[in-house]
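Just below is one structure, and these are the notes that go with it.
Nothing in this text is a laboratory measurement; each read-out follows from the coordinates by a stated rule. A quick note: this is a predicted structure, and the numbers were derived from the prediction, not measured. Cβ atoms come from the backbone with ideal geometry, glycine included; neighbour counts cover every protein chain shown.
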Amino acid sequence: MPTFDGGHYFLTALIPVRTDVMNDGRAVTSPVHALRKQLSMIPTAADTPLRGGGQSPFARNRRNHFARFVIIDDVAYNGRLGQSTALNAINQVNLTVAQPQDHLKSPFLVFVADFDAKSGSNAERNSYLVELWNTAGQDLREIFRFCQGFDSRVTDGTTFAAYMADCQIETTMSFNDYYADPPALPMWPADMYKWPVIVSGGALLLGLGATLLLLVAALFARSWLSWLPYSFGLGLVGAVALGLIVLTAYMSVMAAGGKPFPSAQDSDLPTVLKALHLRSAFTRFVIDSQMQAAGTDAASAQKLYDDFKSFVTETKPHNLDTPTQAPGVIGI
Amino acid sequence: MAVALDLADIQGNILRAYGKQGFPKGRFITLHIDDAAKGRKFVTDLLPGITTALPWPSSRKPIAEGAVRAERPQVAVNIAFSWYGLLALGIPTRTLRGMPYEFIDGMMARAPMTP
């Protein structure tokens, strides 16, 4: 279930864009055109003053790891579906006649986001969407108003969550980026299946071998035929048992593959932000302490010791809440 | 299923035969850009006045009263840029380098190629 994996919920929603002509306040235009313009004006992170000094609306709460908007205008035509030249010749396929092409009925707005979650339940998704609406609702309305059914359905966080839930699709490729070390995964219990496979496979082979031998023997003396049901039965039981064991093993592998990965260590957003803050503060500390570190006298060593003590006191490495890096800030 | 064109994102002169639709005369105005920021502001201000390919209400294809619709303009206005015009407007290099060589060369440079 890649929608929930590694302690993160990966939300993917495909939202149909309106297709009616509309007035965006300046000109008569199409919703997808106006939407594209609106998206281009969202600050993607903390902007420099030269770029307007804005901040991404997704930085207003501490739950967004990543969030992204993309517009899909239409599906691309990948070219003609290939077929055997011999078959084409036999069926007299005319290659100059175009094959049917698929197109979307409307453009789609894709919204993908990932956030911390414990179980990947729908309630966690809804709580995220409600908080997103409560912190950035006005900005979201400016974007989603170009989408079908948004204006009539969404009035608050709860209705926004319900609207997004209707547009959600399964995430099939999640983006786990916090694994410093590979997670400790349990081994598939291959030993459990070893003896049952040997026994049932042996029974199958024995039954088949005996059946063949009896058939050959029956050519010389018909009385051997009376043993045939036993050997055939043994082979049949072996085949059925082997089939069941292989099916069970297959289902067990698929079930193990469907389980979400465990959370990576320290991969929730507050810890990541704290780590970024510590990294930048420590970089500054290292630059400022170069003279003390280079000194060979006892006073320099004592100063370095005292400075590091006050660095730890100020940055509070174990306190995730403060001081920490604000979300949506890019920098060392 | 046919491709649905985003008519609001296509200029009117691309899809319409203006001459047959009551616009028999045309006038070309060439503008020179000295200041990139002012040039971009001029283009932004001009945008709402550009004639798009959206259909106008007509007797053959009426559009419902009250519905949002593009009205038939008194004068159809369309714009075009030369590659050097885009450069003068300060378009990102990343965009400029993706343009076709024929467009970058321009008509003057390519004129001798035609017989």
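General observations
- Distance-filtered residues of region B:40-78 - backbone nitrogen under 13 Å, label point 7 angstrom along A:ASP20 Cα→Cβ: B:64-69
- For chain A, the longest principal axis of the alpha carbon atoms and the long axis of helix A:31-40 meet at an angle near 60°.
- Divided by 2.2 N^0.38 Å, where N counts the residues, the Cα radius of gyration of region A:225-332 comes to 2.46.
- Translational D in µm²/s for chain A (Stokes-Einstein at 4 °C, 1.567 mPa s, Kirkwood Rh from C-alpha pairs): 48 µm²/s
- Förster radius 45 Å - calculated FRET efficiency between A:THR313 and A:SER152 (Cβ-Cβ, nearest 0.05): 0.20
- For chain A, adding -39500 (n - 2.57) for each run of n ≥ 4 DSSP H residues and dividing by the number of residues yields -15500 deg cm²/dmol at 222 nm.
- With respect to chain A, whose longest principal axis is taken over its alpha-carbon atoms, helix A:157-167 is tilted by about 40°.
- Rel. contact order, % - alpha carbon contacts under 8 angstrom, at least six apart, region A:1-134: 39 percent
- Panel note: the C-alpha atoms of chain B, placed on their principal axes, show extents of 47, 40, 37 Å (largest first).
- Note on A:ASP181 and A:ALA326: the model spin-label points, each 7 Å out from Cα along the C-beta direction, lie 3.6 nm apart.
- Other residues lying with their Cβ under 10 Å from the Cβ of A:PHE108 contribute a combined charge of -1, Lys and Arg counting +1, Asp and Glu -1.
- Average partner coverage of A:69-76, which counts Cβ from other chains inside 10 Å: 1
- Across all C-alpha atoms in region A:119-256, the radius of gyration and Dmax reach 30.5, 93 Å.
- Contact order relative to length of chain A, as percent, for alpha carbon pairs under 8 angstrom and 6 or more apart: 24 percent
- Debye-sum result for region A:68-129 in log10 I(q)/I(0), which assumes one identical scatterer on each alpha carbon, at q = 0.30 Å⁻¹: -1.22
- Between helix A:122-144 and chain A: long-axis angle, C-alpha atoms, 0 to 90°, nearest 10: 50 degrees
- Per-peptide average of other Cβ atoms within 10 Å, ordering B:22-34, A:18-30 highest first: A:18-30, B:22-34
- Positive minus negative residues near B:ASN78 (Lys, Arg vs Asp, Glu; Cβ under 13 Å): +2
- Percent of C-alpha pairs per 5 Å bin in region B:15-75, short distances first: 4, 13, 18, 20, 16, 12, 10, 5, 2, 0.
- Placing pseudo-labels 7 Å out from each Cα toward the beta carbon at A:LYS37 and B:VAL75 gives an inter-label distance of 2.2 nm.
- Two-decimal ratio, region A:1-149, of alpha-carbon radius of gyration to 2.2 N^0.38 Å: 1.44
- Shielding of B:8-14 by partner chains, average beta-carbon count, 10 Å: 3
- The reciprocal of the average 1/r between distinct C-alpha atoms defines the Kirkwood hydrodynamic radius, which for region A:1-86 equals 17.2 Å.
- Filtered trypsin sites (Lys or Arg not before Pro), region B:45-115: DSSP coil and at most 11 other beta carbons within 10 Å: B:ARG60, B:ARG97
- Per-residue mean of foreign Cβ neighbours for A:22-30 is 5 (Cβ atoms of other chains, 10 Å radius).
- Mean separation of Cα contacts under 8 Å, 6 or more apart, over the residue count of chain B: relative contact order %: 30 percent
- Long pairs among A:LYS259/A:LYS316; B:LYS38/B:LYS61; A:LYS105/B:LYS61; A:LYS105/B:LYS25; A:LYS105/B:LYS41; B:LYS41/B:LYS61, criterion Cα-Cα beyond 29 Å: A:LYS259/A:LYS316; B:LYS38/B:LYS61; A:LYS105/B:LYS25; A:LYS105/B:LYS41; B:LYS41/B:LYS61
- Annotation: amide H of A:PHE10 within the under-5 Å range of A:PHE4, A:ASP5, sequence separation 5 or more or interchain, hydrogens built in the peptide plane.
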